[in-house]
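In what follows, a structure is listed as structure tokens, so that the remarks can point back to it.
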There are 2 protein chains.
Amino acid sequence: MLDWNPALYRRYEDERTRPAQELLARVPLSEADRVVDLGCGPGNSTELLVQRFPKAQVLGTDNSEAMLVSARERLPQASFELSDIATWAPQGQAPDLIYANASLQWVPDHEKLIPRLFDALAPGGVLAIQMPDNRQEPTHRLMRALAAEAPWAEPIGDADRLRTMLLPLGGYYDLLAPHAASVDVWHTIYQHRMADSASIVEWVRSTGLKPFVDRLPADLQASYLAEYQRRVDEAYPARADGRRLLAFPRMFIVAQKSKA
Amino acid sequence: MLDWNPALYRRYEDERTRPAQELLARVPLSEADRVVDLGCGPGNSTELLVQRFPKAQVLGTDNSEAMLVSARERLPQASFELSDIATWAPQGQAPDLIYANASLQWVPDHEKLIPRLFDALAPGGVLAIQMPDNRQEPTHRLMRALAAEAPWAEPIGDADRLRTMLLPLGGYYDLLAPHAASVDVWHTIYQHRMADSASIVEWVRSTGLKPFVDRLPADLQASYLAEYQRRVDEAYPARADGRRLLAFPRMFIVAQKSKA
């Protein structure tokens, strides 16, 4: 699989950083010694963590070396390591904050993963998670529908299965609440203002659409993307000012361990 | 109609103040001379405005004298006036911020109201609105279903019509975007942790349920509330920790005028 493209991912950095900020705003810690950013990407979320906890040791992890190169350049004061969230565990002292912004949707088996991460926290520590919850949005329904049609179906195969099926929000609550001092869960459905349907395709191309397109040879990539954009254009009609509103639901989970 | 009950309304003040804070966090103003809090209630939102804009003249309006008494006591540095949002217009210089947290859902005719409020702003000014969007939640479907049944239907009558039917979020965008420098719209669906079904009833009793219950004589109030709580109890099953999660969708709109 092609590696992630930090430049393309960064193009909508303001829109992508907002949920990271809103997640952090709900973390009930005034200070922290050890902070981990699981799936740090190019370091936009890590930068927020460094600003909020200037005295903390901040570690960012990602499974993309290209993203880590970008993150290290941006934040020399933090440390970064190549690792897979599915098997990651803290080295040395337990962290006060495990923060995972838009990363756990790529990691399977949440019923085991989420309690394991929560257990790894220091007393009073916080697990803070944000995940896109847009499988039922037109962008994602359309990429799957098209991936079931010839001539794209065969090369794309089971690309959709790379992304984990999320639990309902109450399922995450149930996993954490009996063991936590507090659990706060919510959804925000952003409405991103996009110039046109091409911008919507560009947005999803760097994330949700990537596993689909990566599996196609160049000529089929072009035809898949052209037909996908045509359908996206219909599904997101122009608003009164000519722009498109891209509804983007995201799920947030903030759980704190008891202090004792 | 009975007046609002500031003590009951305040019981869930933390949960009610969070959306007010999140709305204010998205207001793109570093300073303001004149700020208006439309439908200020007991002043919790007004207090946030005073903190954010300490040099501004802050005016709170409400149509409940009981709420204004409570607000004046809390915030002697702000001014408060009894008025109806439907006919309210700024006196003197145009405001830099018109802020309406959980109030416009009681005011009719949004197609005219919202553009009128936006027009009343100074150049560069911001209109910031938050409204509960929970008509389709079990709490609200159940209060309507029960209000259609004997013996409550006749005295309750058209109580449901007191609350304005909201436009879809894109409708508000369309009203504002052609005339604005920027418009940001989104939903957040909070999941409030409630001890039991009685707490859920208590929550809605001070707001959405109030027009229904107010129209009933005492004995019918008791039977309506008992049956309502029974149905709420079924609709919000206990989670793994015994609590109930009250899903509470809220709509947010932030529009800025151009500076010239």
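Hey, what did chain A get for relative contact order, percent, Cα under 8 Å, at least 6 apart?
So the answer I get is 22 percent.
From the square roots a ≥ b ≥ c of the eigenvalues of the alpha-carbon gyration tensor of the range A:1-132, which class results: rounded (a/c under 1.5), prolate (a/b over b/c), or oblate?
Rounded.
So what's the net charge close to A:Asp241: Lys and Arg +1, Asp and Glu -1, counting the other residues with Cβ under 14 Å from its Cβ?
Every neighbour counted, the sum reads +1.
What is the magnitude of the charge dipole of the range A:6-256 about its Cα centre, with +1 placed on the Cβ of each Lys and Arg, -1 on the Cβ of each Asp and Glu, and no other charges, expressed in debye to the nearest 20?
400
With every protein chain present, what is the per residue accessible area of the range B:114-260 (1.4 Å probe, Å²)?
Per-residue accessible area for the range B:114-260 comes out at 39 Å².
For the range A:94-162 and the range B:194-232, write down the distance between their C-alpha centroids in whole Å.
Cα centres, the range A:94-162 to the range B:194-232: 39 Å.
Give the interface area between chains A and B as buried accessible surface, both sides summed, probe 1.4 Å, in Å² to the nearest 100.
2200
Pick out which of B:Thr139, B:Thr46, B:Thr17 has the largest mean-square fluctuation in a Gaussian network model of chain B, springs linking Cα atoms closer than 10 Å.
Result: B:Thr17 has the largest fluctuation of those listed.
Hey, any idea what % of the protein assembly as shown's accessible area is carbon plus sulfur with a 1.4 Å probe?
Reported share for carbon and sulfur atoms: 50 percent.
Any chance you could get the radius of gyration and Dmax over the Cα atoms of the range B:6-256, in Å?
For the range B:6-256, the Cα radius of gyration and maximum Cα-Cα distance read 18.7, 56 Å.
What nm value, rounded to one decimal, do you get for the distance between A:Thr164 and A:Asp109 when each label is placed 7 Å out toward the C-beta?
Output for this residue pair reads 1.1 nm.
Sequence gap of 8 or more, or different chains, plus Cα separation below 24 Å: how many lysine pairs satisfy both in chain B? Write out the running numbers ahead of the final one.
On the way: B:Lys55/B:Lys257; B:Lys55/B:Lys259; B:Lys112/B:Lys257; B:Lys112/B:Lys259.
Lysine pairs, 8 or more places apart or on different chains, close enough: 4.
Calculate the FRET efficiency for A:Ser182 and A:Thr87 from the Cβ-Cβ distance with a Förster distance of 25 Å, rounded to the nearest 0.05.
0.35
Considering protein heavy atoms only and a 1.4 Å probe radius, which residues within the range A:215-260 exhibit an accessible-area decrease of no less than 10 Å² in the full assembly relative to the chain by itself?
A:Arg239, A:Ala240, A:Asp241, A:Leu245
Whose Cβ in chain A comes nearest the axis that rotates A onto B, and by how many Å?
Closest Cβ on chain A to the axis mapping it onto B, in Å: A:Thr188, 2.
Once you have a ≥ b ≥ c as the square roots of the Cα gyration tensor eigenvalues for the range A:144-260, tell me rounded if a/c is under 1.5, and otherwise prolate or oblate according to whether a/b is larger than b/c.
oblate
Indicate, rounded to the nearest 5 percent, the antiparallel portion of the DSSP beta bridges found entirely in chain B.
55
Based solely on C-alpha atoms, express the radius of gyration and the Dmax of the protein assembly as shown in angstrom.
Cα-based Rg and Dmax for the protein assembly as shown come out at 24.5, 74 Å.
The values are calculated or read from the model by the stated rules, or taken from the named source; none is laboratory data. Only a predicted model underlies this, so the values are computations on that prediction, with no experimental measurement involved. Note that each Cβ is placed from the backbone with ideal geometry, even for glycine, and that neighbours are counted across all protein chains shown. Surface accessibility is based on the protein's heavy atoms, side chains included, excluding ligands, DNA and RNA. Shrake-Rupley method; radii C 1.70, N 1.55, O 1.52, S 1.80 Å.
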